[in-house]
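Below: the structure, in structure tokens.
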There are 2 protein chains.
Amino acid sequence: MKILVAGAGAMGSRFGYMLQKSGNDVLLVDTWKEHVEKIRKDGLSVTQDGQYLGQFNIPIAYPEEVEGTFDFIILFTKSMQLDSMLQSIKKVITKDTYILCLLNGLGHDKVLVNYLDKKHIFLGATRFSAGLNGPGNVIGHGSGLIELMLLEDSDDKKKNEIIEVLNQAELFSELSKKVFSSIWHKVSLNCVINTMTTLIDTNIGGYGDFSDHDKITQLILDEIQAVAIKEGIDYDRNYVETIITNLFTGNKRNHYPSLYQDMKNKRLTEIDYLNGAIADLGRKNGIKTPVCELITYLIHAKEFIQSNK
Amino acid sequence: MKILVAGAGAMGSRFGYMLQKSGNDVLLVDTWKEHVEKIRKDGLSVTQDGQYLGQFNIPIAYPEEVEGTFDFIILFTKSMQLDSMLQSIKKVITKDTYILCLLNGLGHDKVLVNYLDKKHIFLGATRFSAGLNGPGNVIGHGSGLIELMLLEDSDDKKKNEIIEVLNQAELFSELSKKVFSSIWHKVSLNCVINTMTTLIDTNIGGYGDFSDHDKITQLILDEIQAVAIKEGIDYDRNYVETIITNLFTGNKRNHYPSLYQDMKNKRLTEIDYLNGAIADLGRKNGIKTPVCELITYLIHAKEFIQSNK
């Protein structure tokens, strides 16, 4: 299958490598110059679970260079870059193209519907994870699962072919009616962990060691749950609390979440698609979300003070 | 008049110097060893409005060394040290002693009434300010005003003598029925400026330059105002907003508030007497204060991560 991976950071690189390895015709796309040039020169360096697997020659292009047609496009940009990426590659999106969006955060479906038919838009949530150890150097940890759904279901058999391609690449995927729940559960985790580690300046274990961490968590989840219910989401608060608590004793204790890393590296963060999105939906639904509002402003204020770009 | 200044940091040192200069028998009290020993050895170095005034020989003692009786005790400890200071010096508090408490924050009156009669407790709010440039080195800026009241009024003429003594020392003081309002107005300012500069890691001007600073301010003041009204305080929100706005264009732009400095120097902060006190009073009165709660937890979490003491 001809596959475009639009946004070839840690997750995009890992997915691109796995899909090429299982026999697909993969093109990565990214805007980060050092990363693109490194992969062009030396290939993509892949490490999985601590084991170096080698340098792999994978085609990679800047968005404006992309040509041709693709059966399937996987989107792995930063949230705020989704629209400009779609603008850049819309020339290669045909009526037969399927897109899978696995971005963190809320509201991406509202962007996607401007570019193609709901019947060709997969929205998903994944438990795969990956990191970058510098340009061209991807590190995968463990395996994962992808839950996905079409924004509007169809009988098109290509839908199943795409899921089959993902599974053959060991990107274990299954259709689910609970994708929105999964997205909201993951957003909840990020609205707590990513923001608090950033504001307190610590890793996940540090936040978990603070005796009143659960009181902070409750203040945030109170608002998210209220908005989720109003939005018709099947929201399982106990599940969210459990995955948060598990982080504090697991091997992610030493991890600094992506938002923390963005702040540390003076990049703009995805806060508007996390607590900021909750606050927006709160306003829309007449639900007060002062805690999510404050967190959003605090993160933006830190970006401003540091002149993040 | 025989005066004890209990807590001889920046403000206590400035007040002690001014009261001695105008002819009173002043004893400073403090627990900070370097500061006490420096003043004992070289006297108190005083700078006022950029002009060095000299080294002044002022008696200073550790709390456990204090003996004798005092007409008047001025309290200038950190909020969390008030009770232990009173414990240490209670042996010199007689039925004739008056106390003036000018600490920032809320709730100090509830501590004071455990040590002496309400008729002898002045509660006040001051616009004087001062800084320390290392041990034994106090820096005063401008002049100020002190509004004060007795927790329970009396006809005792000593009340007026004390106010006269303060005024002779140019610590301009007047009895006021609006002391609680003034305290709440000052607390409001500190609940916004001291906390936000600390969490965002900037000075007052930096916070003021952030385009959405006013939205943060409104989230915090919404809660303080609701609690203040329920507590029967004559609360002037417009006044608070004006003094906050004025800070952003005034000569305090480069200033880092005391809470910021405490955090930077790995000391415990007064957050429990600011946003933490608002949250406590909110709980007592059945008013939701999630924003003040979150801010209190965030500051405590930062103290914890940094092992502040």
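The values are calculated or read from the model by the stated rules, or taken from the named source; none is laboratory data. None of these values were measured; they are calculated from a predicted model. Positions of Cβ are generated from backbone atoms using ideal geometry, with glycine treated the same way; all protein chains shown enter the neighbour counts. Accessible surface is based on the protein model in full, side chains and every heavy atom, while ligands, DNA and RNA are left aside. Shrake-Rupley method; radii C 1.70, N 1.55, O 1.52, S 1.80 Å.
Below, the figures for the structure above:
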quantity: Virtual spin-label span in nm between A:ASP49 and B:ASN238, 7 Å along Cα→Cβ; calculated: 6.9
quantity: Average beta-carbon neighbours from other chains, 10 Å sphere, peptide B:204-211; calculated: 3
quantity: Lys, Arg +1 and Asp, Glu -1 on Cβ, resulting dipole of the protein assembly as shown about Cα centre, debye, nearest 20; calculated: 520
quantity: Rounded percent of accessible protein surface that carbon and sulfur make up, chain A, 1.4 Å probe; calculated: 48
quantity: Shortest-first nm distances, A:LYS266 label point to equivalent points in other copies (7 Å, Cα→Cβ); calculated: 2.7
quantity: Nearest-20 debye value, chain A charge dipole, Cβ charges on Lys, Arg, Asp, Glu; calculated: 380
quantity: Peptide-level mean, for B:229-236, of C-beta atoms on other protein chains within 10 Å; calculated: 0
quantity: Kirkwood hydrodynamic radius (C-alpha pairs) into Stokes-Einstein, the protein assembly as shown, 4 °C and 1.567 mPa s, D in µm²/s; calculated: 47
quantity: Buried accessible area, chains A and B (both chains, 1.4 Å probe, Å² to nearest 100); calculated: 2300
quantity: Shortest-first nm distances, A:GLY54 label point to equivalent points in other copies (7 Å, Cα→Cβ); calculated: 8.6
quantity: Selected from B:SER88, B:ALA125, B:PHE180, residue furthest toward positive end of dipole (the stretch B:75-205; charges at beta carbon); calculated: B:SER88
quantity: Shape category assigned to the stretch B:180-306 from the gyration tensor of Cα positions, a/c cut at 1.5; calculated: oblate
quantity: Cross-link partners of B:LYS157 among lysines (Cα-Cα below 17 Å; sequence separation of 8 or more within a chain); calculated: B:LYS2, B:LYS95, B:LYS118, B:LYS119
quantity: Degrees separating the helix A:10-21 axis from the principal Cα axis of chain A, which is the longest one; calculated: 30
quantity: Crossing angle, helix A:275-285 versus chain A [Cα axis fit, 0-90 degrees, rounded to tens]; calculated: 70
quantity: Estimated [θ] at 222 nm from DSSP helical runs (n ≥ 4, -39500 (n - 2.57)) normalised by residues in chain B, nearest 500; calculated: -13500 deg cm²/dmol
quantity: Distances in nm from A:ASN238 to the matching label points in the other copies, shortest first (labels 7 Å along Cα to Cβ); calculated: 5.3
quantity: Label point distance in nm, A:ASN167-A:GLN87, each placed 7 Å from Cα along Cα→Cβ; calculated: 3.9
quantity: Relative contact order of the stretch A:180-306, pairs being alpha-carbon contacts under 8 Å that are 6 or more residues apart, as %; calculated: 33
quantity: 12 Å tail of the calculated P(r), the stretch A:203-242, as % of Cα pairs; calculated: 63
quantity: Test item: A:299-308 mean partner chain Cβ contacts at 10 Å; calculated: 5
quantity: Share, in percent, of DSSP beta bridges within the protein assembly as shown that are antiparallel, nearest 5; calculated: 35
quantity: Dipole axis of chain B (+1 Lys, Arg; -1 Asp, Glu on Cβ), positive-most option in B:ALA8, B:GLN20, B:LEU298; calculated: B:LEU298
quantity: Heavy-atom surface of the stretch B:2-177, accessible at 1.4 Å and reported per residue (Å²); calculated: 45
